[in-house]
Every structure is written in C-alpha cells, then in structure tokens.
Amino acid sequence: MNYHPQPSLFYDFNIFVELPLHKKFYELFSNLDLSKIKDTNIFVGRTGYSRHAMFRALIVKNILQLNSIPRLIYFLKNNLFICDLCAFYNYQIPDETQFYRFINELDTSL
C-alpha cells in the first residue's frame, strides 16, 4: 500500500510530523489499509474526490470528536497539515453534501 502525503511548500513536513497529534495521524494513516474501498470513479461520470481522503477525514472527525461535518471541513481548512495527511491535494476539500453522500454509500461491513 502506498500512502504518501503531499509535501507542501508552506511548511517543513519533518518538523510538523513530530507534533504529537500530527504524528498520531501520520502513523495511523500510514498503517491503514483502504484497499477494500474504491478510491475514485473509473469510467463513470466525474472522478470526484478521493474516497480514501474522505475516509481519513472522517477518522479525524471521530478522534477529535468534532460533532458535525461542517466543523470537520472548518477544521481541515484551518489545519493544512492534517488536510495534507488526509490526502486532499491542493487543499480541495469536498463540501458537506459530498461527505454525507460518501457516508450513505459506504459499506460498513468492510
């Protein structure tokens, strides 16, 4: 499995990854197997957002006990390192309807 967060021009990855919360998410996401979740649409409509990135963002929401998707989006927009760790490249974060659609389509048996 290849998980490589996007390095940024705005911060030094090696310094930020040493902060306790960041290190926790980095290690968790590095060891997370998302192979059972299809990442994007292939040959069907628009590619859309990465489902793996959205799944990681929902993990952030649960660990930090954020009580809503809008709060999660606000958190990600204001914490670019966590946004990068989730793998939202170019800081393109889906809106709340995309998250809700993803949650409804997610097969919880996986």
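The values are calculated or read from the model by the stated rules, or taken from the named source; none is laboratory data. The structure presented is a predicted model; accordingly, all values stated were derived computationally and were not measured. Areas reflect the complete protein model, heavy atoms only, side chains present, ligands, DNA and RNA absent. Shrake-Rupley method; radii C 1.70, N 1.55, O 1.52, S 1.80 Å.
In the context of the full protein assembly, Thr108 retains an accessible surface of approximately 130 Å², using a probe radius of 1.4 Å and ignoring ligands and nucleic acids.
Here the gap between Asn104 and Lys38, fully extended at 0.36 nm per residue and compared with their Cα-Cα distance, gives a gain of 22.3 nm.
Ranked by solvent-accessible area (1.4 Å probe, protein heavy atoms only, all chains present), the residues Ile82, Ile103, Ile59 order from largest to smallest as Ile103, Ile59, Ile82.
In this view, the solvent-accessible surface of Asp95, computed with a 1.4 Å probe and all protein chains in place, comes to about 80 Å².
Note on Lys24: lysines with a C-alpha under 24 Å away, same-chain residues under 8 apart excluded, are Lys36, Lys61, Lys77. Note on surface exposure: Arg51, Arg56, Arg101, Arg71 rank Arg71, Arg101, Arg51, Arg56 by accessible area, highest first, 1.4 Å probe. Residue ranking by accessible heavy-atom surface, 1.4 Å probe, largest first, among Leu58, Leu19 comes out as Leu19, Leu58.
Taking all protein chains as shown and a probe of 1.4 angstrom, Tyr26 keeps an accessible surface of around 80 Å².
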